[in-house]
Structure formats: structure tokens, C-alpha cells
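To keep things clear, I will list the structure first and then write my remarks on it.
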Amino acid sequence: PERPYVIDEMISAKAIAARIEELAGEIRHEFADTDKLVVVGLLRGSFVFIADLVRELNLPIEVDFLEASSYGNAMQSSREVRILKDLRGAIEGRDVLVVEDIVDTGHTLNHVSGMLRSRNPARLRTIALLDKPSRREVDFRSDWIGFEIPDEFVVGYGIDFAQRNRNLPFIGKVRFTDAEG
Ligand code: PRP
Ligand code: MN
Ligand code: MG
């Protein structure tokens, strides 16, 4: 049986939307001269962020998705990243923006960006809505970060706890309410 918990709001839907507007402005500036930007979402956590971000990007874009091996229902990183679903399109010579919900240990985005870089894109940049630098296990920094957060168990806006709560419109913090919590 699941431990009982409540979710406390940490970053409001309004604050997320405002930050996305700012980030979109920077991305538009960086890729102002692009003929086409391939925006790559990492499944599944990025699906809400990428949907909101691309609608603020007034650029010619294509959307593609990639799935890397997941923590599954575990709370711990396996540290070993495998590609479960690759991109549909080739990215050689293209401008690419990889969109991620959160950088925790850094293994996922580090591995994925290394793999995509080996395909020789023209430009490759990464954006993550959240960053937990205190958890980093590899030397990785995303080009853009929405919010730097402390080491809390977060859910919502695409991020799950055992596959649940991805549909919350805000970022919340899980607080266990049983004796051990
Ligand atoms: C989570 C999150 C990031 C990754 C970050 O994905 O969405 O992709 O972990 O962790 P890391 O920096 O330690 O690698 P998860 O594997 O849970 O899959 P999901 O996106 O399908 O939830
Ligand atoms: Mn993920
Ligand atoms: Mg997950």
C-alpha cells in the first residue's frame, strides 16, 4: 500500500507561465536565424513543459520525442541510461533544443545530449524547467533553467510520483503524512 501524502504548492502555474515567457524570449533570440528548430521532448516528464514552451516560441519548429530509460516507479536513479524510443527524424546539421522537466543527478540529460551531439547537429541546446544542483552526480549544466530548487520530492506539471500527479497544473512538494513522514 502507498504511504499517505499531501502535496504542497511550491511553484504556481502563474509563476511557471511567466518564467516560460522569459525563457522563450531568450530561446527566440538565440535561434533567431534558424531555418528550423527541432524541439525534442524527453518522455514522459517533459510533455507539459514542451507543450507550453513551443506555444511561446515564435520560430519555425518541428517537434520530436525521445524516451530514455526511466526510474520506473523507484525514487532512486538507476544511473544507467538507455534509449527506449529514439527520435523519428535525423538531426545532422539541424538546430536542436532538448526539453526536460528536471535535472536531478544529471545522468539522463547528460547521456541524451552526448548521444545527440554525436549525430552532429548544427547547434544543440538544452532547457530544463527545474534544476536540483545539490543532487548532481555528473558534471552537467543545462543551457537554460526555469527554477533552481532544493532537494525536495516534487510532482506536477509533467512530473510524477509513481506515475501519478503529472496532471497537476503547478509544481508541488510531496509531504508524507504517516508516522515516518
Ligand atoms: C525523471 C525526470 C528526468 C530525470 C531526471 O524521469 O523526468 O527525465 O528523471 O533525473 P536524473 O537527472 O537523475 O537523470 P523518469 O526517469 O522518472 O521518467 P519520466 O520522465 O517518464 O517520469
Ligand atoms: Mn523524465
Ligand atoms: Mg518519473
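The value of relative contact order for the chain, using C-alpha pairs under 8 Å at least six residues apart, is 27 percent.
With K and R counted +1 and D and E -1, the other residues having a Cβ less than 9 Å from that of MET10 yield a net charge of -2.
Over region 116-181, the fraction of Cα-Cα pairs per 5 Å bin, rounded to whole percents and listed from the shortest bin up, is 4, 13, 18, 20, 18, 12, 9, 3, 1, 1, 0.
Most simply put, region 13-152 has about 10% antiparallel DSSP beta bridges, counting only bridges with both residues inside it. Applied to region 8-25, the Karplus parametrisation 6.51 cos²θ - 1.76 cosθ + 1.60 on θ = phi - 60° returns per-residue 3J(HN,Hα) values of 9, 5, 10, 10, 6, 4, 5, 5, 5, 4, 5, 5, 5, 4, 5, 4, 4, x Hz, with x for Gly and Pro.
For region 1-103, averaging the sequence separation of C-alpha pairs within contact (under 8 Å, six or more residues apart) and dividing by the residue count gives a relative contact order of 31 percent.
Our estimate of slack between ALA18 and ARG3, defined as 0.36 nm per intervening residue step minus the Cα-Cα distance, is 2.0 nm. Taking the convex hull of the alpha carbon positions in the chain and averaging its projected area over all directions gives 10.3 nm². Selection among GLY114, ILE145, PHE49 by position relative to the dipole of region 38-145 gives GLY114 as farthest towards the positive end (Cβ unit charges, Cα centre).
Any read-out appearing in this document is the output of simple, stated calculations on the displayed coordinates, not a laboratory observation. None of these values were measured; they are calculated from a predicted model. Because the Cβ atoms are built from the backbone with ideal geometry, glycine has one as well, and the counts that use them run over all protein chains shown.
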